[in-house]
Structure formats: C-alpha cells, structure tokens
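These notes are about the structure you will find just below.
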Amino acid sequence: MTRRRWIAEHWDEATATLVGPQAEHLVRVLRAQPGMEADVVAGGHVFHAQVAAVAANEVRFNLISELDADPALPITLVVSVFKFDHMEWGIEKATELGVAAIAPVIARRTEKHLAQAADKRVERWRRIAHEAAKQSRRSDVPLIHDPVPLAQRVRTASDATRIVLAEQERSTTLRTIVQEAVEAAQNQMPTLELAFGPEGGWAPEEEALFDANGWRAASLGPRILRAETAAIAALSVVASFLE
Ligand code: SAM
C-alpha cells in the first residue's frame, strides 16, 4: 500500500514535525494517532516514518528508514509573469515534471496589473508548488524565487546553459541545444535555465538582451504555443534526455 507523503517544516536526524495546514488536516481529517505510518520528506530526503505525538496543529514523526528519492531535474524555469490562472496551472505541472526552481520575471509585455500584483501572489505560487510536490511524491519542493525585472535575471551570472524559448526562432531547436549540453557535460546532467515570454511574446530589445548575455535562442517547432504549453513541452524535451 502506498503511504501518504508529507513535507516536514521542521526536522532533525531522528524526528520530523508538521505544523499548520498539513498538521491540521492530519489531525482533524485523517484522525492521526501515534503509530500511524507515512512517508515524510525532510531536508530533501524521504523517510518511512511513524507518528510519535499528535497535538492540535502539530504532528511529530519518528524517522524509521531513508527511502530512495528522485532528485529534481537541474532546471530553472524563467517565466515571464502572465495570466495568473494559466501561470498557476503551469507551476503545478512544472512541479510534477520535476523542475528544481521557478523564477518569475516582469517582461516588457507583461500586463501592468499582473506585474503590480505579482509580489503579492508569490506565496500562493509557493503553496501550489508545495501541494503539487506532495501529490507527485517528490522528495523536495521547487524553489519559487521572488519576481524580478527580466533584465536583472538575464544579466545575473550563472554556470547554467541558458536557453531562451523564442517563438520567432526557426533554425535551432531546443532538442539540439540540450543534446549539445549533455554531450559537453560528458553525459552528466547539465544545469539548464529556460526562459519563456509573456502572451505578447518577447520585445526585440529583450531578444537582443538575451543574445548579448550569452543566452541561446531555441524553437519548439512552427506552432505558436501558449506560455504554459511551451513550458511543459520544453520540460518534456529536456526530461527525455535526463531521465
Ligand atoms: N505573442 C507571441 C506571438 O504571437 O508570436 C506568442 C508568445 S507565446 C504565447 C509565449 C512564449 O511561449 C513565447 O515568448 C516563447 O517563450 C514560448 N513559445 C511559444 N511558442 C513557441 C515556439 N514554437 N518555439 C519557442 N518558444 C515558443
């Protein structure tokens, strides 16, 4: 039987503790009792665990044994903020597909009201990633960065292979660039950053900024995809190399 998986807020080498909504659900809905077994994620590791103590909004587990865990894909999605419901669907799916981090950025064509509301929305994106990580039985939760202006992210130094998904790109496919990166890393997992534009696409000066900072433009084929579809398609291409 598959045990439920929880993501601990606090842990040490022998115990892990849930507090807040997870603990309340365990206590009030699942009627947690000492001895109840589950899988608990603590510090990026997964453990077979047993409930040791239950309080109104806190459940403490004893860690029994460590389980095999699938590491996240070494991929950061740089996502231009776009319609929140579509973006949040994308965050959920990208978490299920194993992304390590998501960096929201404000691009030139990001709608003004979304750009202004993004800072207040980021905690909700973190909750969505947390729930999706639990549901997909990950051994970690992807990092959701605070939203920043696109230029700041593009100019930030990084050892990753940096790829901008560009709807106008016609010659170089994402597959080609990832294949080269895997070969350059002697078939190790290359760290990747993948950037996606808003609904209105990239502005010409943004494409020039990417180029000037060493990002490579990649195509996902002749059709224009919604940003969330492009992110899922790109993750699937990369995962086909790495998993
Ligand atoms: N408004 C733009 C247009 O009509 O050309 C489309 C922008 S698209 C909705 C949003 C983002 O998804 C693009 O900036 C790009 O990052 C990505 N994207 C969509 N289709 C793509 C493709 N065929 N190849 C590469 N990237 C694509």
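The values are calculated or read from the model by the stated rules, or taken from the named source; none is laboratory data. Keep in mind that this is a model prediction, so the values were computed, not measured. Please note: Cβ atoms are built from the backbone with ideal geometry, for glycine as well, and neighbour counts cover all protein chains shown. Calculation scope for accessible area: heavy atoms of the full protein, side chains included, ligands and nucleic acids excluded. Shrake-Rupley method; radii C 1.70, N 1.55, O 1.52, S 1.80 Å.
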- Query: For the chain, which whole-number percentage of the solvent-accessible area (1.4 Å probe, protein heavy atoms only) is attributable to carbon and sulfur atoms?
  - Reply: 50
- With unit charges on the beta carbon (Lys/Arg positive, Asp/Glu negative), name the residue among L225, V237, V105 whose Cα is farthest towards the positive pole of the charge dipole of the chain. L225
- Grab the Cα-Cα distance for E123 and L143, subtract it from 0.36 nm times how many residues apart they are, and report the gain in nm with one decimal. 6.1 nm
- Which whole-angstrom value gives the distance between the alpha carbon centres of the range 173-216 and the range 5-35? 40
- Task: Ignoring everything but the protein chains, give the 1.4 Å probe accessible area of H145 in square angstrom, nearest 10.
- Result: 60
- Note on the structure: For the chain, averaging the sequence separation of alpha carbon pairs under 8 Å that lie six or more residues apart and dividing by its residue count, the contact order in percent is 19
- In deg cm²/dmol and to the nearest 500, what is the mean residue ellipticity at 222 nm of the chain if only DSSP H runs of at least 4 residues count, each as -39500 (n - 2.57), divided by the residue total? -10500 deg cm²/dmol
- Item | In the range 11-61, the GluC sites (Glu not before Pro) that fall in loop regions by DSSP, at most 13 other Cβ within 10 Å | E13
- Task: Measure off 7 Å from each Cα along the Cα-to-Cβ vector at A185 and T229, then give the distance between these two points in nanometres to one decimal.
- Result: 2.8
- Task: Evaluate E = 1/(1 + (r/R0)^6) for S158 and F84, where r is the Cβ-Cβ distance and R0 equals 30 Å; express this FRET efficiency to the nearest 0.05.
- Result: 0.65
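Classify the chain as rounded, prolate or oblate, taking a ≥ b ≥ c as the square roots of the eigenvalues of its Cα gyration tensor: rounded when a/c is under 1.5, otherwise prolate if a/b is larger than b/c and oblate if not. If you can, show how the numbers build up before the last one.
Numbers: a/c = 2.70, a/b = 1.82, b/c = 1.48.
Taking the square roots of the gyration eigenvalues as a ≥ b ≥ c, the chain is prolate.
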- Task: Would you look at the GNM of the chain, springs on alpha carbons closer than 10 Å, and say which of G98, G43, G90 moves the most?
- Result: G43
- First measure r as the distance between the Cβ atoms of A239 and D211, then evaluate 1/(1 + (r/R0)^6) with R0 = 22 Å and state the FRET efficiency to the nearest 0.05. 0.25
- Regression test value, accessible area per residue of the chain, probe 1.4 Å, units Å², expected 51
- Task: With a cut-off of 15 Å, note down the residues of the range 204-229 whose backbone N falls inside the zone around a label point 7 Å from the Cα of S171 toward its beta carbon.
- Result: 216-219
- Item | Values of log10 I(q)/I(0), in the order q = 0.23 Å⁻¹, for the range 5-67 under a Debye, Cα-only, solvent-free model | -0.83
- Under a GNM of the chain (C-alpha, springs under 10 Å), which listed residue has the highest mean-square fluctuation: S136, S80, S219? S136
- Task: Please report, in debye to the nearest 20, how large the charge dipole of the chain is about its Cα centre when each Lys and Arg carries +1 at its beta carbon and each Asp and Glu carries -1 there.
- Result: 620
- Just order 195-207, 111-123 by mean Cβ neighbour count inside 10 Å, highest at the front, would you? 195-207, 111-123
